[in-house]
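The structure under discussion appears below in the form of structure tokens.
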Amino acid sequence: MIHVLVAGFRGAMGQKTVKMIQSHSDFALSAVFDPKITINNPQNYGLPAEVKVLNRYDQLDANVADVWVDFTNPGAVAANTEAAINAGIHPVIGTSGMAPADQARLIKLAKAKHLGGLIAPNFGLSAVLLMKFAQEAAAYFPDAEIIEMHHQDKADAPSGTAIATAHKIAAGRTQKPLSTTDNDARGQRIDDVPVHAVRLPGYIAHEEVLFGGPGEALTIRQDSFDRQSFMQGVAVVIRKVQEADQLVVGLENFL
């Protein structure tokens, strides 16, 4: 039995994660975490009586849970991940927007403690495949732009998925793209890839990568129409993360 703690359990992704854990016979929801809560009775949140409701880092240790699943916000995710690692709990981080310096520091901390974990720009299998295909296409089409579209409540822009896609495009290039003049309308440049962020009601998570070459173009797109689509990836990592001994970036490391 794998015991799981869900941080951000009251949010949309947190609620999906709680239900997914409860639907699997080899998972157990052992705890939830939210520093803003003041009532620690699990029944107030529709949770079983045996679930621990935590709001402080000093309540954490390896007996609380095997795996920490985080769907919180960019301002809290680095501190949450550090607390999980220091408590000996394997972090599975779905919250995007972590600063690169924090990410590097936490990877180093996890390595020192021989503790495996995952920082996932996206848990959707279609998004992972899009990034893979984009990296392969960049070898033939160095000129590319990214359009990412998310719901209006997403706090970070551009998304972690778009940032990761831009890095993979840069890694896949065999020649430099055409130089373009900096202009706000061209989006934020990440690894010399313009990235455009859209935040509108009605959207969940969508990304297009546009490649252009002499006389032709290639478009790769993925769409997540329901947050439930991310749960397959979350379940895969929960089952495998305890076998890892370092903190890695990207769901593809566990597929």
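Going through 30, 23 one at a time, which residue ends up being surrounded by fewer than 20 Cβ atoms within 10 Å (Cβ to Cβ) and of a type in the set (Ser, Thr, Tyr)?
Among 30, 23, only 23 is surrounded by fewer than 20 Cβ atoms within 10 Å (Cβ to Cβ) and of a type in the set (Ser, Thr, Tyr).
How many residues does region 207-230 hold that are modelled with pLDDT under 95, buried (at least 16 other Cβ atoms within 10 Å of the Cβ) and not small (Gly, Ala, Ser)?
Within region 207-230, residues that are modelled with pLDDT under 95, buried (at least 16 other Cβ atoms within 10 Å of the Cβ) and not small (Gly, Ala, Ser) number 2.
Please indicate, with yes or no, whether at least one residue in region 39-48 is of a type in the set (Gly, Ala, Ser) and either over 30 Å from residue 100 (Cα atoms) or out of contact with any strand residue (DSSP E or B) (no Cβ under 8 Å at 6 or more places or on another chain) (or both).
Checking region 39-48: at least one residue is of a type in the set (Gly, Ala, Ser) and either over 30 Å from residue 100 (Cα atoms) or out of contact with any strand residue (DSSP E or B) (no Cβ under 8 Å at 6 or more places or on another chain) (or both).
Filter region 91-127 down to residues that are part of a helix (DSSP H, G or I), in contact with a Pro (Cβ under 9 Å, 6 or more places away or on another chain) and more than 26 Å from residue 31 (Cα to Cα), then give me how many there are.
Result for region 91-127: 1.
Would it be correct to say that residue 188 is of a type outside the set (Gly, Ala, Ser), modelled with pLDDT under 95 and touching a helix residue (DSSP H, G or I) at 6+ places or on another chain (Cβ under 7 Å)?
no
Okay, residues lined up against (1) open to solvent by 80 Å² or more (accessible area, probe 1.4 Å); (2) farther than 23 Å from residue 192 by Cα:
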{"site": "100", "(1), (2)": "yes, no"}
{"site": "104", "(1), (2)": "no, no"}
{"site": "108", "(1), (2)": "yes, yes"}
{"site": "113", "(1), (2)": "yes, yes"}
{"site": "128", "(1), (2)": "no, no"}
{"site": "131", "(1), (2)": "no, no"}
{"site": "135", "(1), (2)": "no, no"}
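May I ask you to list the residues in region 142-165 that are touching a Phe, Trp or Tyr at 6+ places or on another chain (Cβ under 9 Å), under 22 Å from residue 13 (Cα atoms) and assigned to a strand (DSSP E or B)?
149, 150, listed by residue number.
Report, ordered by the first and then the second residue, all pairs with beta carbons closer than 6 Å, sequence separation of six or more or different chains, a first member in region 187-207 that is without any contact (Cβ under 8 Å) to a residue 40 or more places away in the chain, and a second member that is part of a strand (DSSP E or B) and crowded, with 18+ Cβ neighbours inside 10 Å.
Within 6 Å, the pairs are 188/195.
Residues of region 174-203 being more than 21 Å from residue 137 (Cβ to Cβ) and either of a type in the set (Lys, Arg) or open to solvent by less than 30 Å² (accessible area, probe 1.4 Å) (or both), which ones?
199 - this is the single residue of region 174-203 that is more than 21 Å from residue 137 (Cβ to Cβ) and either of a type in the set (Lys, Arg) or open to solvent by less than 30 Å² (accessible area, probe 1.4 Å) (or both).
Provide a single number: the residues in region 48-72 that are part of a loop (DSSP other than H, G, I, E, B) and either in contact with a Leu (Cβ under 8 Å, 6 or more places away or on another chain) or crowded, with 16+ Cβ neighbours inside 10 Å (or both).
Here the count works out to 8.
The values are calculated or read from the model by the stated rules, or taken from the named source; none is laboratory data. On a predicted model such as this, the values are computed, not experimentally measured, just so you know. Note: ideal-geometry Cβ built from the backbone for every residue, glycine included; neighbour counts use all protein chains shown. Each accessible area value is taken on the protein alone, full model and side chains, heavy atoms only, with ligands, DNA and RNA left out. Shrake-Rupley method; radii C 1.70, N 1.55, O 1.52, S 1.80 Å.
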